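Structure, as structure tokens:
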Amino acid sequence: MNKEDRLLRVGVLGCGPIAQFAHFDACRKARNAELYALCDVAEDLVARMAAIHQPRRTFLRYEEMLADPELDAVIVATSDPFHVALSQQALAAGKHVLVEKPLGVNVEECEALASQARSAGRVLQVGNMKRFDPGIAFAHRFIREEMGQLLALKAWYCDSTYRYTMTDNLQPLPERSQGSRKPEGDPKQDRERYFLLTHGSHLVDTARFLGGPLRAVRARLAQKFGAYCWFVEVNFADGSLGQLDLTIAVRMDFHEGFQVYGERGSVLGKTYLPWFFKSSDVECFSTKDGQYHRPLGADAHFYKLQVEGLADTVLHGTPLQGAGVDEGVAAVRAMVAIARSTTSGDWVKLAEVKGGV
Ligand SMILES: NC(=O)c1ccc[n+]([C@@H]2O[C@H](COP(=O)([O-])OP(=O)(O)OC[C@H]3O[C@@H](n4cnc5c(N)ncnc54)[C@H](O)[C@@H]3O)[C@@H](O)[C@H]2O)c1
């Protein structure tokens with residue numbers, strides 16, 4: 001594996017499933033980062049993960065990891081309600097942050113984090129790793145550079161009823177600990193809220209990445225036989241039309257993708273279950289040459305690419321490729337607006353929402 005001379009020294013906070021499936025490996029494989037430290041309150045989990053991944057340092061207390069002057073950045077890989085406070089602590093300690101999606105669970109805490117991030121002079125990137133899917137990144141560039149004005153965008157994220165059958169085969173068995181820290185109550189009990197936050201955060205971010213800022217939404221929710229289906233009308237800030245479909249779970253294969261209609265071209269995209277590490281199939285038709293353009297994204301380790309993106313920004317000042325803190329706030333606003341509209345049936349403006357999903 002080729003490593004660059006200067007490596008971003010990353011500490012992963014949390015040794016739970018997402019760290020095990022994605023972040024440890026991502027830091028170790030990244031060309032410009034290293035897995036410098038890992039931290040979890042669960043001592044047995046730290047010992048098992050350290051034996052496998054060989055970080056230079058291990059910590060049971062977050063404060064001690066943050067006090068390490070060698071540490072450059074933290075990946076916050078903990079349960080959603082902890083994201084904001086733990087990111088704030090990292091910024092206060094002068095560390096750069098990659099925080100898992102969603103940025104937080106309510107608008108106010110996310111706004112507070114955003115204002116701290118702006119004055120901290122440190123990079124804060126949200127773990128919307130789909131922005132690093134080479135197919136989606138290609139679509140984004142085409143839309144920005146060639147397509148001209150946006151007319152309309154449709155995007156869908158329909159989890160498969162066979163998701164866990166597939167992921168159980170694709171992922172290693174996660175190591176668990178009785179000592180892991182969990183939030184009060186079980187956030188997964190409220191399925192409607194949990195699905196919107198955990199899956200909706202991907203859908204909304206992809207819509208924003210490709211279509212730009214959302215101004216208002218009007219959403220309907222159907223709930224039958226344990227399945228949840230949100231159909232969301234979107235009004236983009238530039239007046240374009242949008243339509244989002246979040247369905248958990250469809251009785252078929254994983255179904256995620258997008259269609260974008262523009263002035264000088266269109267885009268069709270099909271995205272795979274992330275754990276296949278396969279780039280989205282994207283076709284961009286350009287009226288300039290009358291041809292479809294189809295990239296082949298050879299390296300689609302989105303989690304590695306997002307760490308590399310963070311490291312490029314911190315070490316070399318490369319513009320942030322991932323979602324920044326304001327985009328994290330906007331995604332949370334969009335999800336809160338969808339939740340409010342589901343209840344009221346009315347259009348809800350993102351700028352006016354308060355509270356949580
Ligand atoms: N981007 C993606 O594709 C993707 C996929 C799955 C999960 N996620 C996100 O990843 C996050 C984590 O998910 P998970 O299932 O691994 O969570 P988890 O709660 O199972 O594990 C988190 C670990 O962090 C530790 N922890 C929490 N607070 C701590 C603290 N203050 N100090 C030290 N250790 C602490 C816990 O002990 C636990 O072991 C969630 O926000 C989830 O939305 C993202």
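Bear in mind these aren't lab numbers, they're just calculated from the coordinates by the rules spelled out. In this text, all values refer to a predicted model and were calculated from it rather than measured experimentally. Note: ideal-geometry Cβ built from the backbone for every residue, glycine included; neighbour counts use all protein chains shown.
As a check on your grasp of the helix formula, calculate [θ] at 222 nm for the chain: sum -39500 (n - 2.57) over DSSP H runs of n ≥ 4, divide by the residue count, round to the nearest 500.
-10500 deg cm²/dmol
Excluding Gln243 itself, what net charge comes from residues whose Cβ is under 11 Å from its Cβ, given Lys and Arg +1 and Asp and Glu -1?
Its environment carries a net charge of 0.
With +1 assigned to the C-beta of every Lys and Arg and -1 to the C-beta of every Asp and Glu, and no other charges, what is the dipole magnitude of the chain about the Cα centre in debye, to the nearest 20?
Magnitude of the dipole: close to 360 debye.
Aspartates and glutamates near Lys354 by alpha-carbon distance under 15 Å, same-chain residues fewer than 8 away left out - which ones?
Glu108, Glu109, Glu111
May I ask you to order 249-257, 83-91, 122-130 by the average number of other C-beta atoms within 10 Å around their residues, highest value first?
Highest mean packing first, the order is 122-130, 83-91, 249-257.
Quick one, what does Rg over Rh come out to for the chain if you take C-alpha atoms and the Kirkwood Rh?
0.95
I want to check the label-to-label distance for Phe277 and Asn2. Put each point 7 Å from Cα in the C-beta direction and report it in nm to one decimal.
1.8 nm
Along the charge dipole of the chain, Cβ charges K/R +1 and D/E -1, which of Pro81, Gln259, Gly324 sits furthest on the positive end?
So the residue we want is Gln259.
Looking at the stretch 70-206, how many pairs of lysines come closer than 19 Å at the Cα, when each pair is eight or more places apart or spans two chains?
4
Using amide H atoms built in the peptide plane, which far-off residues or other-chain residues are under 5 Å from His293 H to H?
Cys284, Phe285, Ser286
How much length would be gained if the chain were fully extended between Met166 and Ala298, taking 0.36 nm per residue of separation minus their Cα-Cα distance, in nm to one decimal?
Gain in length upon complete extension: 45.3 nm.
Tell me the net charge near His301. Cut-off is 9 Å between Cβ atoms, His301 excluded, with +1 for each Lys or Arg and -1 for each Asp or Glu.
Taking every other residue near His301 into account, the sum is 0.
Assuming 0.36 nm per residue, please report the length gained on full extension of the stretch Lys349 to Thr318 beyond their Cα-Cα distance.
7.9 nm
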